[in-house]
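Each value in this text was obtained by applying a stated rule to the coordinates, not by laboratory testing. These figures come from a predicted structure and were not determined experimentally. Here the Cβ positions follow ideal geometry from the backbone for every residue, glycine too, while neighbour counts run over all protein chains shown.
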């Protein structure tokens, strides 16, 4: 994962944990949520803030 994408994705996760804003959608057919940044996806659960389960490219994130 390129450094610029990693920094931006972490910033988006922190912003979502703090104020609940961002491109976040509840997953269908599996537990959790996803946050999108370009071609990268962060799959996470809400446990006292944000608990990141997986970060992957969009072609592999939902497998």
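Spin-label pair residue 26-residue 11: with each label point 7 Å from Cα along the Cα-Cβ axis, the two points sit 3.0 nm from one another. Between residue 4 and residue 51, with labels modelled 7 Å along Cα→Cβ, what's the label distance in nm to one decimal, could you check? About 3.4 nm separates the two model spin labels. When Rg and the Kirkwood Rh are both derived from Cα coordinates, the Rg/Rh ratio for the chain amounts to 0.93. The value of relative contact order for the chain, using C-alpha pairs under 8 Å at least six residues apart, is 21 percent.
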